[in-house]
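Chemist: Following this message is one structure expressed as C-alpha cells.
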Amino acid sequence: MDLATIIGIILSFGLVISSIVFNGSILIFISVPSLLIVVGGTIGATLVNYPLRSVLGVMGVIKHTFMSKVESPSQIIEQFMEYANRARREGILSLEPIIKDIEDLYLKKGLQLTVDGLEPQAIQEILEKEITYLEGRHETGAEILSTFGAYAPAMGMIGTVIGLILMLQTMDDPSTIGPSMAVALITTFYGAVFANLVFLPMAGKLKQRSKDEVVIKEMVMEGILAISKGENPRIIEEKLTSFLPPKDRRKET
Amino acid sequence: MDLATIIGIILSFGLVISSIVFNGSILIFISVPSLLIVVGGTIGATLVNYPLRSVLGVMGVIKHTFMSKVESPSQIIEQFMEYANRARREGILSLEPIIKDIEDLYLKKGLQLTVDGLEPQAIQEILEKEITYLEGRHETGAEILSTFGAYAPAMGMIGTVIGLILMLQTMDDPSTIGPSMAVALITTFYGAVFANLVFLPMAGKLKQRSKDEVVIKEMVMEGILAISKGENPRIIEEKLTSFLPPKDRRKET
Amino acid sequence: MDLATIIGIILSFGLVISSIVFNGSILIFISVPSLLIVVGGTIGATLVNYPLRSVLGVMGVIKHTFMSKVESPSQIIEQFMEYANRARREGILSLEPIIKDIEDLYLKKGLQLTVDGLEPQAIQEILEKEITYLEGRHETGAEILSTFGAYAPAMGMIGTVIGLILMLQTMDDPSTIGPSMAVALITTFYGAVFANLVFLPMAGKLKQRSKDEVVIKEMVMEGILAISKGENPRIIEEKLTSFLPPKDRRKET
Amino acid sequence: MDLATIIGIILSFGLVISSIVFNGSILIFISVPSLLIVVGGTIGATLVNYPLRSVLGVMGVIKHTFMSKVESPSQIIEQFMEYANRARREGILSLEPIIKDIEDLYLKKGLQLTVDGLEPQAIQEILEKEITYLEGRHETGAEILSTFGAYAPAMGMIGTVIGLILMLQTMDDPSTIGPSMAVALITTFYGAVFANLVFLPMAGKLKQRSKDEVVIKEMVMEGILAISKGENPRIIEEKLTSFLPPKDRRKET
Amino acid sequence: MDLATIIGIILSFGLVISSIVFNGSILIFISVPSLLIVVGGTIGATLVNYPLRSVLGVMGVIKHTFMSKVESPSQIIEQFMEYANRARREGILSLEPIIKDIEDLYLKKGLQLTVDGLEPQAIQEILEKEITYLEGRHETGAEILSTFGAYAPAMGMIGTVIGLILMLQTMDDPSTIGPSMAVALITTFYGAVFANLVFLPMAGKLKQRSKDEVVIKEMVMEGILAISKGENPRIIEEKLTSFLPPKDRRKET
C-alpha cells in the first residue's frame, strides 16, 4: 500500500486520538448512532447521486490504486530495450513466447497486437481507448470520494441539529445540557474527521496516482508503437527516457 | 425506478428518522409551517429564477430519467445486427414493416429517415440535434435541482432567523427559550435534509443518467448511419462494441 | 410581466410573512434603519464596484427583460413566410412599405438593410454586433444583480455585528438582551431575504430570458439573411423551424 | 475621481456610521489596535503573497485608474478624423509638428512610429504589447485588491478569536463579559467593512475601468494603423464608430 | 530571501503577537498539543493527499524559490550581448571555454548544446521540456501549500470541537467553562493563523515567483536560440528587451 497514505493516516488519527486521550476518555467519542448517521447518511446520499455500480466499484478502484505498485519507469525502459533488441535481431515474431509470461495485461495486449501484425495506428487507437477508460474509472472514483467528503460534514451538521432540537425540547434539568450538547457535537466531529482526514485526502491521492499510472501507460504505449514500427533500440530508449523527470533521467544516462 | 436511488433514500432517511426515534419523539420534528417555508420558499425562489415552463417540466424530466429504463447496450447491438443483416439480404426497404413495432421514438425516427432514403449526413444532423435538445432538457433539469439544493438551506436559515427573532422579542419566561429555539432550528434541519439528502444528490444522478442516455443515443445513431451507408454487419458490430467499457466488451466477444 | 416571477415572489414572500404573522407581530420585523443599512449599503458597495451608468442602467434592463414579451417563435415563422412570399412574387423592394409598420427595431433595421440592397454578409455582421451588444447589456445586468445578492448578506452581517457590539457594550439590564439581539438579527434576516428571494433568483431569470431573447434574435437574423439571399420560402420555413425545440416543432408541421 | 465610487463610499459608510450614531456612541467602534491587526495583518499577508514591487505598485494603479479620465470615444474619433484628413492632404509627415503637443503617451508613441515610417504590422505588434502590459498591470492590481478582500475578514476573525480566548481565560467578573465580547467583535466588524465596502468593490471597479481603458487603447491603435495604411478618412470614421455601443453610436451619425 | 515575505511575516505576526501581549499573556496562546494537532494533522492529511516524495520535495521547492535570486533581466541581456558578439567575431566554438564558468545550469546546458552544434529546433525542444518540468514542480509545490492552507482551519475546527465535547461532558464546575472554552478555541486560532498568515500567502508567492522564473528561462532560451542561429547581436538585444515591461525597458535604451 502507498506508504504516505499509511503514515498520513496514522499521524493524523494518532494526533486526534492522543489529544482526546490526554484530556479525557476516548469512550466519550465513541458513538455508534453518530457513526451510523454520518457514514450511513453519506453513503445513502452518494447512492442517490451515483449509479449503484459506480459506488460499489469505488472500493475496487481504491484498492487497486492504493495497493497495486506503479511500475518503475526505469524498469520499463530496460524491459523495452530487451524487447526491441530481440525484435531487431530475431524478428518481431520472436516476442511471441515472451508474451505469455507478462503479467501486466495492458503491456500483454499491446505486444500481442504487435506480434499479430496490426498497423501501428490501429494499435495506438486501441491502447489509447484503454487509457481513456482507465482515466474515466479513476475520475469517477475520485469524484465519488469527493462527494463523500462533501456529504459527510453535511450529515454531521444534520446529526448535530437533531441533537440540539431534542436537547432544547426536553430541557428540564439544566445539568443535562452540557452532556447532551456534547453528544450532539459528536456527529459534527465525525463528519469533519471523515471528510478532512479520509475522504478528501483520498480523493486527492487517487487523482495523483491516476496521473502517474497514465504516464506509465503512455510510456508503455510509446514503446509498443516504436517496436511495431521497427525503430532502432537506441531511439526507443531516448523516446522513453523523455518521460522521466530530469532528476531521474540523469541516473539513466 | 433506479435502484440505487431507492436504496440511498431509504438508507439516509431511515438513519435520520431512527436517530430521532431512538432519542425522542418524531412528533417534535414534524412541523407543517417549517415544511411550507422551506419547500414553498425554495419553489418560490426557483420560480423567480427559471421560466414557469422549465420548473413545471422538471417533474417530467425527473420522472422520465428515474423511471425509464436505459436500454442495455448489448441488446441494442443484437438488434442492429438483425436490422443490418436484413437490410443486406433483402434491401433497406425491408425494414419498413419492422419500424411500426419499434417503441423507442428516437430509433423509430432514425430508421424511418433511413428507409425514406435521406442522405446519411442529413440523418446525422437531425439525430444529433435531437441529442442536443435532450442534453439541454436534462441539463436544465439538473440545474433546477441544484438551484433547489442551494435555496433550501437558505430558506431553512431564514426560517430559523425568524424563529430566533420572535423568541428573543418575547423572552418573558426563560423556560420557553429551549422549546422555541428547538422550533426555530427545525427549518434549518429541513433545509439541510432536503438539500443534502434529496435535491443535490438527485441533481447529481440526473447528470449521470443523462450521460448514460446520451451514450446510448449516440450508439443508436452510429448504428442507423452504418445501416444507411449499407455497411457490413460485422463492421457495424465492431463499431457499436467500441461504445462498451472494456469489462462489458469481453462478454460480447 | 413574467408570470413565474410574480407567482414565485408572491409564494415565497407570502410564506415568509405568514410564518411571521402566525407566530407574532409583523411589526417586529419592520425596521427602516435595518432596511436602509442592507439595501443602501448594498447599493453603495455596488456603486463602488460598477460604473454609475451600468448601475442606473440595471433598472432599465430589468424592466425591459421582465416586462417585454419575448415574441412567439411560431409567429415569427409565419411573419417571415409572408415576407419571403411577397419578396419572391413582387421583388424585394415590395417590402419597403411594410417596414414602417414594424415595431421591433431589430427586425425593422434588418429588413431596411435588406431592402437597401446590402450584401448578406454585411447585414450579418451588423445584426451579429447588435446581438453581441444585447448579450453584453444583459450580462452586465445579471452580474450587477448577482453582486447585489453577494453584498446584501454581507451588509446584513455587518448590521448584526453592529447591533451585537452595541448591545454587549451596554448590557446593564439582562432583560433587554433578548429584544436587542432580536433587533440585531433583523439585518441578517433582511440580507438573507433580499439575496435569496429577490436578487439571486432575478439574476438567474435575467440569464434565462437573455438566452431566449438571443435565440429569437438569431432566428430573425437567419430569416432576414435568407430573404436577402432570395431563398425559397419553403427552405426558409425549414431553417427557422429548426430553432424550435422538438416538442413545439411538431405543432408546426 | 470616479463619481460612482465617491457616491458609493459616502452612501455605504454614511449608513453604517449613522446606524451606529443613532443607537450608541461611535467611540465604541473606534479601536486603533483592531484597525492595526485587520489592516496591518491584511497588508502583511498580502506582502507574503505578492512581490513587494507589485504591492507598492497597487497604489499607483488605483490612483491612475480612479483619477485619470478615460477619454471620450467621440472625441477620439474627431481627433483621428482631423489627423487622417491632414495626412491625406499634406502627407503623413505633416503630423510631426502635432505629435509634440499630444499628452497621451500611447497615442504619441503610435503616431511617432507612423511618422517614422514603420510598417503597420510592426506598429501593431508594438502597440498590442503595450496593451498587454497595461492589462497585466491592471489585472495584478485587481488581484491584489481581491486578496486584501479575502485576508481582511480572516484577520477580523483571528482578532475576534484572540479577544474571545483572552476574555474566557480571565472570566472573573461576569459583568465584564459583555464589553469584552464587544471589543472582540470589533475586529470582525472591521474585517467585514473593509472587505465588503472597500476592497472587493474596488477590485470590481478596477476590472471595469480596465476593460474601458483597453477598448479606448484598441480604438486608438485601430486609428493609428488606418492612418499608417493611408486609409480614407470616411472609412476610418466608420471603423472607429463600430467601437461604440449602439446607443452612443446613434448620436455620432 | 524574498524581502516582502520577511516584512510581511514580521508585520502580520508582530501585530498578532502585540495584540495578545498588550491585552494578556502570550503564555495563554502557547499550547504544544494544539500546535501538534493543527500542524501534525495538516501534514497527515496532506500526506494522504499527495505522494510522499512530493510532500518532502515541497521544502526544497520553497527553499529554492524563496532563497535563490531571480537574475536581473538586464544582466542577462548584457551577458547575451557579450556571447553573441564573441560568437560573431570568433565563431561559436569560442564560447566553449566560457561555459565551464557558468553557474546557472539551464544556461550552461543550453550553450553546451549550441556549441555541440545541435539544430536550433532540437535545442528548443529540450529547453522547453525543462521549463515544463520546472513549472510542474512549482505548481505541485503551490498546490501542496494551498492544501496545507485548506486542511489547517479544518484541523483547527476539529481540535475545537474535541475541546468543546470534553468540556461539555465534564461540566461540573461552572467556573471552569471559560478557561476550557479558551483552550478549545486555541486550535481554531492556530488553524486560522497558519492558513492565512503562512500557507495561503506562501502558495500565492510561489505562483508569482514561478511566473518570474519562467519568464527569465524563456528569455535565456530565446537568447540561446538566437546565438545558435547566428543572429545579429543588435537583433538579439531587441528580442530580449521585448521581455521587459515598458518601464524597465526605457532604462535599457
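Every residue, every condition in (1) touching a Phe, Trp or Tyr at 6+ places or on another chain (Cβ under 6 Å); (2) closer than 30 Å to B:GLN75 by Cβ; (3) at pLDDT 90 or above, yes or no:
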| position | (1), (2), (3) |
| --- | --- |
| B:MET181 | no, no, no |
| B:LEU185 | no, no, yes |
| B:THR188 | no, no, yes |
| B:VAL198 | no, no, yes |
| B:MET202 | no, yes, yes |
| B:SER210 | no, yes, no |
| B:MET221 | no, yes, yes |
| B:ASN232 | no, yes, no |
| B:GLU237 | no, yes, no |
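Chemist: Counting only residues that are facing chain C (nearest Cβ under 7 Å) and among the hydroxyl-bearing types (Ser, Thr, Tyr), how many does the stretch D:190-211 have?
Modeler: Of the residues in that region, 0 qualify.
Chemist: Exactly one of (1) touching a residue at least 12 places away in the same chain (Cβ under 8 Å); (2) more than 8 Å from every other protein chain (Cβ to nearest Cβ); (3) closer than 17 Å to E:ASN23 by Cβ is unmet by D:THR176. Its number?
Modeler: Condition not satisfied by D:THR176: (1).
Chemist: Here's a follow-up. Please find, among A:LEU93, A:LEU113, A:LEU145, A:LEU127, the residue that is in contact with a Gly (Cβ under 6 Å, 6 or more places away or on another chain), more than 10 Å from every other protein chain (Cβ to nearest Cβ) and in a helix (DSSP H, G or I).
Modeler: Result: A:LEU127 is the single residue among A:LEU93, A:LEU113, A:LEU145, A:LEU127 that is in contact with a Gly (Cβ under 6 Å, 6 or more places away or on another chain), more than 10 Å from every other protein chain (Cβ to nearest Cβ) and in a helix (DSSP H, G or I).
Chemist: Would you point out the residue of the stretch A:148-172, among those that are more than 9 Å from chain B (Cβ to nearest Cβ) and within 17 Å of B:GLY204 (Cα to Cα), that is surrounded by the fewest Cβ atoms within 10 Å (Cβ to Cβ)?
Modeler: So the residue we want is A:GLY149.
Chemist: If B:ASP101 passes every condition in (1) assigned to a loop (DSSP other than H, G, I, E, B); (2) surrounded by 12 or more Cβ atoms within 10 Å (Cβ to Cβ) but one, which one does it miss?
Modeler: Checking B:ASP101 against (1) assigned to a loop (DSSP other than H, G, I, E, B); (2) surrounded by 12 or more Cβ atoms within 10 Å (Cβ to Cβ), the one that fails is (2).
Chemist: If you scan the stretch E:203-226, which residues turn out to be of a type in the set (Val, Ile, Thr), closer than 19 Å to E:GLN112 by Cα and touching a Leu at 6+ places or on another chain (Cβ under 8 Å)?
Modeler: Residues satisfying the conditions are E:VAL220, E:ILE224.
Chemist: Could you check the stretch A:50-69 and list, in sequence order, the residues that are more than 14 Å from chain B (Cβ to nearest Cβ) and exposed (fewer than 15 other Cβ atoms within 10 Å of the Cβ)?
Modeler: Pass one, the stretch A:50-69, residues more than 14 Å from chain B (Cβ to nearest Cβ): A:59, A:62-63, A:65-69.
Matches in the stretch A:50-69: A:MET59, A:LYS63, A:MET67, A:SER68, A:LYS69.
Chemist: Could you pull out the residue among A:LYS69, A:LYS100, A:LYS63, A:LYS129 that is in contact with a helix residue (DSSP H, G or I) (Cβ under 9 Å, 6 or more places away or on another chain), under 29 Å from A:THR140 (Cα atoms) and of a type in the set (D, E, K, R)?
Modeler: Sole residue among the options that is in contact with a helix residue (DSSP H, G or I) (Cβ under 9 Å, 6 or more places away or on another chain), under 29 Å from A:THR140 (Cα atoms) and of a type in the set (D, E, K, R): A:LYS129.
Chemist: Which residues, taken from the stretch A:41-75, are at pLDDT below 90 and among the aliphatic types (A, V, I, L, M)?
Modeler: A:LEU52, A:VAL55, A:LEU56, A:VAL58, A:MET59, A:VAL61, A:ILE62, A:MET67, A:VAL70
Chemist: Restricting attention to the stretch D:179-189, which residues are of a type outside the set (A, V, I, L, M), facing chain C (nearest Cβ under 7 Å) and surrounded by 19 or more Cβ atoms within 10 Å (Cβ to Cβ)?
Modeler: Correct list: D:THR188, D:PHE189.
Chemist: Being at the interface with chain B (Cβ under 9 Å from one of its Cβ atoms), crowded, with 18+ Cβ neighbours inside 10 Å, without any contact (Cβ under 8 Å) to a residue 24 or more places away in the chain and not small (Gly, Ala, Ser) narrows it down to one of C:LEU3, C:LEU47, C:LEU11, so name that one.
Modeler: Answer to the selection: C:LEU11.
Chemist: Would you call E:GLU82 assigned to a helix (DSSP H, G or I), within 14 Å of chain A (Cβ to nearest Cβ) and among the charged types (D, E, K, R)? Full working, then the answer.
Modeler: Numbers: assigned to a helix (DSSP H, G or I): yes; within 14 Å of chain A (Cβ to nearest Cβ): no; among the charged types (D, E, K, R): yes.
No, not satisfied.
Chemist: Please enumerate the residues belonging to the stretch D:134-154 that are hydrophobic (A, V, I, L, M, F, W, C) and either farther than 25 Å from E:ALA195 by Cβ or touching a Pro at 6+ places or on another chain (Cβ under 7 Å) (or both).
Modeler: Hit for the stretch D:134-154 is D:LEU134, nothing else.
Chemist: Further question: Quick one: in the stretch B:113-130, of everything that is surrounded by 15 or more Cβ atoms within 10 Å (Cβ to Cβ) and farther than 14 Å from C:PHE243 by Cα, which residue is nearest to the chain's Cα centre (by Cα)?
Modeler: Result: B:LEU127.
Chemist: Tally up the residues in the stretch D:14-34 that are farther than 30 Å from C:LEU52 by Cβ, surrounded by fewer than 21 Cβ atoms within 10 Å (Cβ to Cβ) and in contact with a helix residue (DSSP H, G or I) (Cβ under 7 Å, 6 or more places away or on another chain), please.
Modeler: 5
The values are calculated or read from the model by the stated rules, or taken from the named source; none is laboratory data. Since this is a predicted model, take the numbers as computed values, not measurements. When we count neighbours, we look across all protein chains shown, and the Cβ atoms used for this are built from the backbone with ideal geometry, even at glycine.
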